[in-house]
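*Asks:* Dumping the structure here so I can ask a few things about it.
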Amino acid sequence: RALVAALVDAPPAPDPCDDPPTPPAPPTDSSLIAVWGTSGAPGRSSVAVSVAHALAKSAPTLLIDADTANPSVAHLLGLPVDVSGLSALSRQAVRAPIGPLDLHRLASPRSPGLDVLTGLTSPHRWREAAPSSLERILEAARGAYRFVVVDVSATSLDPLPSLRRPGGGRDDAALAVLAAADRVLVVARGDTVGINRLDHLAKWWEDSGLEAPLDLVVSRVSASSVGGRPAAVLMPALSSILPGRRVHLLPEESAVPEAALRGMAPAEYAPDCATAAVADALADTLM
């Protein structure tokens, strides 16, 4: 009798003829922003998190961790690190077309307006982020979000023909994103080593044939790293390396590591910090 009662009280099964859920309305003008930069941990992921958080205040934003060398976004935002949204969506992209509903299903809601597609669970699994799958993911993301911010790893800076290896290479994911991007944020550390690495990167970019507009973000700027009046010291050097580009200086401040320790964006942890102000100003230029 209990079984009969349960069957009687159970909700009706969905009608297979019912229409599928309606996908969210696509944005009218989507922007894809790649966050790239020099080697040596200049803070690409922190910049990607801060910029995505700032953009999400104005329109639906997706943050994708496509860093195949050091995926870090989930760690920075306190999201589960044992499951990769990027890997799951890449596998699906091999089997069938993907659309906005697939993205919304596999991305992790992080805060109002901001979803996150978490990165690889291990750098050893970099082949899961195949360029062909990643290109399909980016195309679907453009149809679902006003802003798509993609964190990518530093590249080897080898000449592009040598990067196109028959079996693929670790740089391929970053190159696919850079080729698809509407804007590229180049992140470099504001010290002697960081500026030298930026010089090498700028020469590689000039020879690469890639065409997205570049903005420069210089992180961890302090008087102790470049001397007194850091902006006055850095700006002439930066303008000679990448002339005519917007430059955003991020000062060295404790709010960034303290926010990461708590799984928060810097603006969530310390809304009045300098990093939050720079991220807001940078987001304004991307709208």
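The values are calculated or read from the model by the stated rules, or taken from the named source; none is laboratory data. Note that the structure is predicted; figures quoted are calculated from it, not measured. All Cβ positions, glycine included, derive from the backbone under ideal geometry; neighbour counts span all protein chains shown.
*Asks:* Quick check: is even one residue across the stretch 75-98 of a type in the set (Lys, Arg), over 20 Å from residue 261 (Cβ atoms) and without any contact (Cβ under 8 Å) to a residue 12 or more places away in the chain?
*Replies:* yes
*Asks:* Residues of the stretch 166-195 being more than 25 Å from residue 229 (Cβ to Cβ), outside any strand (DSSP E or B) and of a type in the set (A, V, I, L, M, F, W, C), which ones?
*Replies:* Those that are more than 25 Å from residue 229 (Cβ to Cβ), outside any strand (DSSP E or B) and of a type in the set (A, V, I, L, M, F, W, C): 173, 174, 175, 176, 177, 178, 179, 180, 181.
*Asks:* If you take the residues of the stretch 62-82 that are of a type outside the set (Val, Ile, Thr) and within 14 Å of residue 43 (Cβ to Cβ), which of them is nearest to the chain's Cα centre (by Cα)?
*Replies:* Looking at residues that are of a type outside the set (Val, Ile, Thr) and within 14 Å of residue 43 (Cβ to Cβ), I get 67.
*Asks:* Then there's this: So is residue 263 farther than 30 Å from residue 80 by Cβ and either at pLDDT 95 or above or not hydrophobic (A, V, I, L, M, F, W, C) (or both) or not?
*Replies:* Numbers: farther than 30 Å from residue 80 by Cβ: no; either at pLDDT 95 or above or not hydrophobic (A, V, I, L, M, F, W, C) (or both): yes.
No, not satisfied.
*Asks:* Could you check the stretch 38-152 for helices (runs of 4 or more DSSP H) lying wholly inside it with 1 or more residues that are farther than 24 Å from residue 287 by Cα? If you could, list the steps in order and put the result at the bottom.
*Replies:* Working: elements: 44-55, 73-76, 85-95, 100-106, 131-142.
Filter on the stretch 38-152 gives 73-76, 85-95, 100-106, 131-142.
*Asks:* Go through 228, 209, 263 for me and flag whichever is loosely packed, with under 13 Cβ neighbours inside 10 Å and in contact with a Leu (Cβ under 9 Å, 6 or more places away or on another chain).
*Replies:* 209
*Asks:* Could you check residue 171 against (1) surrounded by 15 or more Cβ atoms within 10 Å (Cβ to Cβ); (2) modelled with pLDDT under 95; (3) more than 16 Å from the chain's Cα centre (by Cα) and say which number it fails?
*Replies:* Residue 171 satisfies every listed condition except (3).
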